[in-house]
Amino acid sequence: MTILDEIIAQKRIEVAQRKEASPVSVLEQMPDFKRHPLSAREAIQGLHSTGIIAEFKRKSPSKGIINDQADVALTTQGYVAAGAAVLSVLTDEPFFGGTPADLQAARLANPSTPILRKDFVIDEYQLFEAKAWGADLVLLIASCLTPAEVKALSEQAQNLGLQVLLEVHDEDELDQTLMHSIDLVGVNNRNLKTFTTSIDTSLRLVDRIPDTFGKITESGLHDAETMFNLFRAGFDGFLIGEAFMKTADPAAALRSIVTDFTSRMPTFENSFTS
Ligand SMILES: O=C(O)c1ccccc1NCC(=O)[C@H](O)[C@H](O)COP(=O)(O)O
């Protein structure tokens, strides 16, 4: 059994319990359910965007505890001030130490920044939760879903006004699950069986993703030079968690990477580092 199998088995139990406790009719009454979601894609592909999706992540199966002290509102506000284009907030508790309250607090603290609900979506109920908790974007992981499930979930997300980040690890996943209802394609550099990360995965797949989709490289990114190489290869966005969260000041770590990254782009008008 892989870690992903374990996560998904646990997620099925959790989703069944949540549906009982808060049916969709209850979620639909929550104030943020009526909110018009922001476009993560525009935020990432905008002219003066750093493309960074900055993640709030307390722990992970591969690293254990990363940061169990950080305050979600302060950290995400710091991320935005330092140049994050989009925020990613884990809502999985057992494996990542995240909660729905984290997402809601990040939403309240950052009304103008798109937020990704970072979780393992296996049921359309979780899309209603994402909307009710203030997310703009959801993650669909190709290795956890059939192509038919990706289709159904991405179309339902679209109906709710949410954008979709499809995560793939290889050519087969990409070819089988890429469809018009996807907004952004993320290539995960982390092998979820061995936990090793290699940006070669991103470099190998980038040209296979049609330009009609936003292209995101995910995991194991720690320095501006690597980001710049991936940018030159064709990526618009960078999902980064641990490199920021493992420091005492995650926003300062983001600011430092932004300074270095944008200095490599002579035409970039940097309003984040002055
Ligand atoms: O991070 C893990 O250990 C992990 C294990 C199993 C499934 C998913 C996992 N990570 C989710 C992610 O996609 C990362 O949190 C995200 O890409 C940021 O990665 P990093 O910058 O390396 O923290």
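The values are calculated or read from the model by the stated rules, or taken from the named source; none is laboratory data. These numbers were taken from a predicted model, which means no experiment stands behind them. Virtual Cβ from ideal backbone geometry, glycine too; neighbours counted across all protein chains shown.
Residues L47, L27, L38: which one is out of contact with any Asp or Glu (no Cβ under 7 Å at 6 or more places or on another chain) and away from the ligand (no atom under 16 Å from the Cβ)? Even if it seems obvious, please write down each step before you answer.
On the way: L27 fails: out of contact with any Asp or Glu (no Cβ under 7 Å at 6 or more places or on another chain); L38 fails: out of contact with any Asp or Glu (no Cβ under 7 Å at 6 or more places or on another chain).
Step by step, each of L47, L27, L38 is checked, and only L47 is out of contact with any Asp or Glu (no Cβ under 7 Å at 6 or more places or on another chain) and away from the ligand (no atom under 16 Å from the Cβ).
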Quick check on my filter: what residues within the range 122-142 are more than 19 Å from K57 (Cβ to Cβ) and within 16 Å of the ligand (Cβ to nearest atom)?
I122, A142
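Report yes if L221 is within 8 Å of the ligand (Cβ to nearest atom), buried (at least 16 other Cβ atoms within 10 Å of the Cβ) and part of a loop (DSSP other than H, G, I, E, B), otherwise no. Reasoning before the result, please.
Details: within 8 Å of the ligand (Cβ to nearest atom): yes; buried (at least 16 other Cβ atoms within 10 Å of the Cβ): yes; part of a loop (DSSP other than H, G, I, E, B): yes.
It is true that L221 is within 8 Å of the ligand (Cβ to nearest atom), buried (at least 16 other Cβ atoms within 10 Å of the Cβ) and part of a loop (DSSP other than H, G, I, E, B).
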Check L239, L192, L254 and return the single one that is aliphatic (A, V, I, L, M) and part of a loop (DSSP other than H, G, I, E, B).
L192
Which pairs do you get when a residue that is under 14 Å from I141 (Cβ atoms) and among the small types (G, A, S), found in the range 151-178, comes within reach of a residue that is in a helix (DSSP H, G or I) and away from the ligand (no atom under 16 Å from the Cβ), reach meaning Cβ atoms under 7 angstrom, with the pair 6+ apart or on two chains?
A157/L127
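Can we say S62 is at pLDDT below 95 and out of contact with any Cys (no Cβ under 8 Å at 6 or more places or on another chain)?
On the way: at pLDDT below 95: yes; out of contact with any Cys (no Cβ under 8 Å at 6 or more places or on another chain): yes.
So S62 passes the test.
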Strands (runs of 3 or more DSSP E) within the range 1-119 that include 2 or more residues closer than 21 Å to D223 by Cα
52-56, 86-90
Of the residues in the range 225-255, those that are more than 14 Å from the ligand (Cβ to nearest atom) and either in contact with a Cys (Cβ under 7 Å, 6 or more places away or on another chain) or at negative phi (or both) come to E225, F228, N229, F231, R232, A233, D236, A248, D249, A251, A252, R255
More than 16 Å from the ligand (Cβ to nearest atom), modelled with pLDDT of 95 or more and over 18 Å from E93 (Cα atoms): is that true of V15 in this structure?
no
I'm checking my understanding of the structure. Among residues of the range 179-209 that are over 23 Å from L153 (Cα atoms) and touching a residue at least 60 places away in the same chain (Cβ under 8 Å), which one is farthest from the ligand (Cβ to nearest atom)?
K193
In the range 42-71, what residues are farther than 26 Å from L4 by Cα, buried (at least 22 other Cβ atoms within 10 Å of the Cβ) and of a type in the set (D, E, K, R)?
none
T146 versus (1) within 12 Å of the ligand (Cβ to nearest atom); (2) within 20 Å of D5 (Cβ to Cβ); (3) out of contact with any helix residue (DSSP H, G or I) (no Cβ under 6 Å at 6 or more places or on another chain): which is the lone unmet condition?
(1)
When the residues of the range 149-173 are narrowed to those that are within 16 Å of the ligand (Cβ to nearest atom) and hydrophobic (A, V, I, L, M, F, W, C), which ends up surrounded by the most Cβ atoms within 10 Å (Cβ to Cβ)?
L165
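Quick grid of which residues meet (1) in contact with a Phe, Trp or Tyr (Cβ under 9 Å, 6 or more places away or on another chain); (2) modelled with pLDDT under 95; (3) away from the ligand (no atom under 13 Å from the Cβ):
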position	(1), (2), (3)
L87	yes, no, no
L90	yes, no, no
P94	no, no, no
T99	no, no, yes
D102	yes, no, yes
P111	no, no, yes
F120	yes, no, no
